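Here is the structure we will look at.
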Amino acid sequence: MYGYYGYPMMYGYDWTYILVLIGAVISMIASYNVKATFDKYSRVQAFSGLTGSQAAQMILERNGISNVRIQGIAGSLTDNYVPSKKVLNLSQSTINSNSIAAIGVAAHECGHAIQDARGYHPLILTRTISPLCAVASKISLPLIFFGIIISYTPLIKLGVIAFAIAISMQLHTLPVEFDASRRAVQTLAEYGMVNDKELSGIKSVLTAAALTYVAAAASSILQLLRLFLIMRSSENRNRRR
């Protein structure tokens, strides 16, 4: 059934909202899992006594990276690496903590710095397409909404294409994140900064963190599917005129 403005309807309701709900549930589960896992291993002190900041500095030095500055930022699990500024931001829950969770997160961000220093192609690609994806993200939903209002399918199609371009950023981010975690685990083991038991806990933390990116990508794909169904509904509605 088709409702107003070409929306797919069933018993008076837009059933495609189910896709949005599924995506939201997936993201909430992933978010809860990473927080619970981080909290669990943030209570496990590393045998080395290294803080997240010290571990990061050691990893950078041993990889010959001297142009990256480490600084603290507010929040928890807000850690990130900014390639353009050569800055490694460590959150309050990481920078001065000597837990294995903090060391794992710091090592992961160092993994991004190592990618940058080594010219890792997926990271370069992500940085290259980032401006285009940002523009596409801003214009996609307004184009779709306006296209629905005036019942103009080509405009809806343009919006759906823009949305697809926008979420491609998330898909390109996945290999970058998984590789950074791989580098983190490999580096910590190679330098003997953690023992085998601690490394197992760190893998759990980094896996949980990686799954948040997978969940975000899955949620966006479900949203794209919903927008595609709306577009098809609009096309069918116009054909019946």
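Values quoted throughout were computed directly from the atomic coordinates according to the rules given, and no laboratory measurement underlies them. None of these values were measured; they are calculated from a predicted model. Neighbour counts run over all protein chains shown; Cβ positions are idealised from the backbone, glycine included.
Each residue of region 99-105 was assigned a 3J(HN,Hα) from its phi angle through the Karplus curve 6.51 cos²θ - 1.76 cosθ + 1.60 (θ = phi - 60°); the sequence is 7, 5, 5, 5, 5, x, 5 Hz, with glycine and proline shown as x.
In region 114-241, with Lys and Arg counted as +1 and Asp and Glu as -1 at Cβ, which of these residues, ALA216, ILE124, SER181, has the Cα nearest the positive end of the dipole, that is, farthest along it? In region 114-241, that residue is ALA216.
Please identify every one of the chymotrypsin sites (Phe, Trp or Tyr not before Pro) in region 119-177 that sits in a loop by DSSP and has no more than 16 other beta carbons within 10 Å of its own beta carbon.
Sparse-neighbourhood loop chymotrypsin sites (Phe, Trp or Tyr not before Pro): TYR152.
Within region 156-241, the ratio Rg/Rh, alpha carbon atoms throughout and Rh by Kirkwood, equals 1.29. Listed by chain and number, the lysines placed with their C-alpha closer than 28 angstrom to that of LYS40 are LYS197, LYS203; residues fewer than eight positions away on the same chain are left out. Is the shape of region 50-160 rounded, prolate or oblate, going by the alpha carbon gyration tensor and its root eigenvalues a ≥ b ≥ c, with a/c under 1.5 for rounded and a/b larger than b/c for prolate? Verdict is prolate for region 50-160. When the helices of the chain are scored as -39500 (n - 2.57) per DSSP H run of n ≥ 4 and the total is divided over every residue, the value at 222 nm lands at -24500 deg cm²/dmol. Each Lys and Arg contributes +1 and each Asp and Glu -1, all at the Cβ; summed about the Cα centre of the chain, the dipole is approximately 780 debye. The GNM of the chain, with springs linking C-alpha atoms under 10 angstrom apart, assigns the highest mean-square fluctuation among SER76, SER93, SER140 to SER76. Computed over the chain, the alpha-carbon pair-distance distribution with 10 angstrom bins reads 8, 27, 27, 18, 13, 7, 1, 0, each value a whole percent.
Given the options GLY147, GLY23, GLY75, which has the most mean-square fluctuation in a GNM of the chain, springs set between C-alpha atoms less than 10 angstrom apart? Fluctuation is largest for GLY75.
When you filter the trypsin sites (Lys or Arg not before Pro) in region 54-111 for DSSP loop state and at most 13 other Cβ atoms inside 10 Å of their Cβ, you are left with LYS85.
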